[in-house]
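J.: Sharing a structure below in structure tokens format, with a few things to ask.
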Amino acid sequence: MNLHRRDLNRAALCLALGAFGAFSEARAAAAPRWKTTPFTLGVASGQPRPESVVLWTRLAPDPVAEPGFDARVACPVRYALYADEALRQPVRAGEVMALPERAHAVHVPLDGLSPGRSYWYRFTCGNARSAVGRTRTAPAPDAAVGRLRIALASCQHWEQGFFVAHREIAQRDVDLVLFVGDYIYEGSSPAYTAQTGRAHGSWTPHTLAQYRARHALYKSDADLQAAHATHPWIVTLDDHEVVNDYADDRDPAYTDPARFLQRRAAAYRAYFEHMPLALPPQGAAMRIHDRFNWGRLANLWTLDTRQHRSHHACPDPARDVGQSPTACAELADPTRTMLGAAQERWLSQGLAASTARWNLLGQATQVSATGIDTPEGHQTWTDGWDGYPVARGRLLQGIADANVRNVISLGGDVHRHAAADLRLLPNDPASPRLASEFIGGSVTSRGASQRSMARMRRDNPDVLHARGDERGWALLDITPDAARCEFRSTPHGVPVDAVFGTQARFVVADGAAGVQRD
Ligand code: FE
Ligand code: CA
């Protein structure tokens, strides 16, 4: 059943019944007359499939000062999809209710579309009209596709710089944006505000209203809106959409799990309300992992590396954030999991059955090892895949056993551009290369110094490239013969007029796991 149909029914029901539950005060504004536009957060599309795509917008005339307008009013929003940029050839139109219980967010899953083509769309509400968005469907599953271009991005701290990376992404001819987490940040870095003039405000979100306001603040950015309005997005989450370094039901403060899950539910719900996604979360549970395909050229799995993971190994009893222990026997525990048993099985079966030329994993953090040798012992970072080495081994062993062709992990989280080889035994030249990895930098969030990157690379020869001093994104250009990656970058502290250049280029050749300079 279509979401919008259900919403319409719900709205009709609540209007008819008058006083009932959460909808008791909802009433319809038949044709609202807006004094200022309610489409302040732009438009977006996502989850491109051969015959479907999800359109999104949200009515928010005063987005940061929630609720901004009469929060009890359900508003009818019309959508229209066109086959041409001039909006002369209508393909589909309809009406959905923007409901107060959804912060007046509108999600329109459209199916029955034609594969492998662009569409344009626009929303109207009363006298207000949204910007025009462009989207694109995936090619037919059996299509012999010659090319897939992906903009890989992650980690956009509002206060630490401007989202100029998205301005460049909006200008590029890519098929989709793959955003792999830290879409918002819950924590503030006031030191940056003096440079950028961008401030979160004084609070850290815990409630639904606070997470909504944080998302609205980020979505008010014109460059981010441009990237959303120009390309369909495929997304997964990392930690900061909820709170730094959470693992399943545990947060850094060891908050009572039931209470933390209420916070997680609020964060997931606000995330859904601001993203072109079809399915809302159910309380604290959200189905994040998904699979997409681009004809016979590529399969893309998006993974959830937060919700189902084991708690951190050898945690600090005072504050449970990622650690760098030099001795931690718990790391070798085979019951520890990054994806959870169900997602792990789903992924390994999917990879084993894949007939696509390229098999891409869109996931939040770095898969390749980054531990360093110190006088006290080997030091590893427990919040990334290094904290789940047995689970990483299972993933790579599955790729080896099924002889899965051309696997590339596309990650974020670590605020660096990186290119690496993935072996069953990291950094062991005797262990064959099984897959490849690219990390697309961070849009604005600060990374590690070049000194520490050089030290990390000294002990991890599988990591062929790592730059933590620049910000940016990565352009993946995938053809049947090769997957090319161009790291787009600008120095840290991205000003509003930042200029981007090419930091490095890498390529993975068909049939030869591992990254090479291009
Ligand atoms: Fe981040
Ligand atoms: Ca992160």
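J.: About its Cα centre, what dipole magnitude does the stretch 418-518 give when the only charges are +1 on Lys and Arg Cβ and -1 on Asp and Glu Cβ, stated in debye to the nearest 20?
T.: Value, rounded to 20: 380 debye.
J.: For the chain, with every protein chain kept in place, what is the accessible area per residue (1.4 Å probe, Å²)?
T.: Solvent-accessible surface per residue comes out at 38 Å².
J.: At a 1.4 Å probe radius, carbon and sulfur cover how many percent of the accessible area of the stretch 448-509?
T.: Numbers: 1290 of 2520 Å².
Answer for the stretch 448-509: carbon and sulfur cover 51 percent of the accessible area.
J.: Nearest 5 is fine: what % of DSSP beta bridges in the stretch 219-370 come out antiparallel, could you say?
T.: On the way: 7 of 12 bridges.
Just about 60 percent of them are antiparallel.
J.: Would you calculate a helix-derived [θ] at 222 nm for the chain, using -39,500 (n - 2.57) for each DSSP H run of n ≥ 4 and dividing by the full residue count, to the nearest 500?
T.: About -6000 deg cm²/dmol.
J.: Just the number, please: percent antiparallel of the DSSP beta bridges in the chain, rounded to the nearest 5.
T.: On the way: 76 of 100 bridges.
Once the DSSP bridges in the chain are tallied, antiparallel ones form about 75 percent.
J.: Something else about it: Could you sort 494-504, 354-364 so that the peptide with the highest average Cβ count within 10 Å comes first and the rest follow in order?
T.: 354-364, 494-504
J.: Also, I was wondering about something else. Highest mean first, how do 507-516, 267-276 rank when packing is the count of other Cβ atoms within 10 Å averaged over residues?
T.: With the highest mean Cβ count within 10 Å placed first, the list reads 267-276, 507-516.
J.: Still on this structure, I have one more. Which of rounded, prolate, oblate describes the stretch 441-518, given a ≥ b ≥ c as roots of the alpha-carbon gyration tensor eigenvalues and a/c under 1.5 marking rounded, otherwise prolate only if a/b is larger than b/c?
T.: oblate
J.: Arrange the peptides 121-132, 401-412, 137-148 so that the one whose residues have, on average, the most other Cβ atoms within 10 Å appears first.
T.: Numbers: 121-132: 19.1, 401-412: 20.8, 137-148: 17.0.
Taking the mean over residues of other Cβ atoms within 10 Å, the ranking is 401-412, 121-132, 137-148.
J.: Tell me, how many Å apart are the Cα centres for the stretch 340-391 and for the stretch 256-314?
T.: Measuring centre to centre over Cα atoms gives 17 Å.
J.: To continue, here is another question. Sort 328, 155 from largest to smallest accessible area, using a 1.4 Å probe on the heavy atoms of the protein chains.
T.: 328, 155
J.: Against the longest principal axis of the chain, how steep is helix 450-459, in degrees 0 to 90 to the nearest 10, with axes from Cα atoms?
T.: 50
J.: Here's something else I'd like to know. Just check the chain against the gyration tensor rule for me: Cα atoms, a ≥ b ≥ c as the square roots of the eigenvalues, rounded for a/c under 1.5, and otherwise prolate or oblate depending on whether a/b exceeds b/c.
T.: Prolate shape, in that a/c is at least 1.5 and a/b is the bigger ratio.
J.: As I understand it, the value is the acute angle between the Cα axis of helix 3-17 and the longest principal axis of the Cα atoms of the chain; what does it come to in degrees, rounded to 10?
T.: Helix 3-17 sits roughly 40 degrees off the main axis of the chain.
J.: What is the magnitude of the charge dipole of the chain about its Cα centre, with +1 placed on the Cβ of each Lys and Arg, -1 on the Cβ of each Asp and Glu, and no other charges, expressed in debye to the nearest 20?
T.: Around 1460 debye, computed over the chain.
J.: Could you state the angle between the C-alpha long axis of helix 389-401 and the longest principal axis of the C-alpha atoms of the chain, as a value from 0 to 90 degrees rounded to the nearest 10?
T.: 90
J.: With label points built 7 Å along Cα→Cβ from the Cα atoms of residue 209 and residue 330, find their separation and express it in nm.
T.: Label-label distance for residue 209 and residue 330, simple model: 3.8 nm.
J.: Here is a follow-up. Once R0 is set to 25 Å, what does the formula 1/(1 + (r/R0)^6) return for the Cβ-Cβ distance between residue 516 and residue 390, expressed as a FRET efficiency to the nearest 0.05?
T.: My answer for the efficiency is 0.30.
J.: What FRET efficiency do you get for residue 89 and residue 142 if R0 is 30 Å and r is their Cβ-Cβ distance, rounded to the nearest 0.05?
T.: 0.65
J.: Given axes a ≥ b ≥ c from the Cα gyration tensor, I'd like to know whether the stretch 360-518 is rounded (a/c under 1.5), prolate (a/b larger than b/c) or oblate.
T.: Judged from the Cα gyration tensor, the stretch 360-518 comes out oblate (a/c at least 1.5, b/c at or above a/b).
The values are calculated or read from the model by the stated rules, or taken from the named source; none is laboratory data. Keep in mind it's a predicted model, so treat the numbers as computed, not measured. Don't worry about glycine lacking a Cβ; one is built from the backbone with ideal geometry, like all the others, and counts go over all protein chains shown. Areas reflect the complete protein model, heavy atoms only, side chains present, ligands, DNA and RNA absent. Shrake-Rupley method; radii C 1.70, N 1.55, O 1.52, S 1.80 Å.
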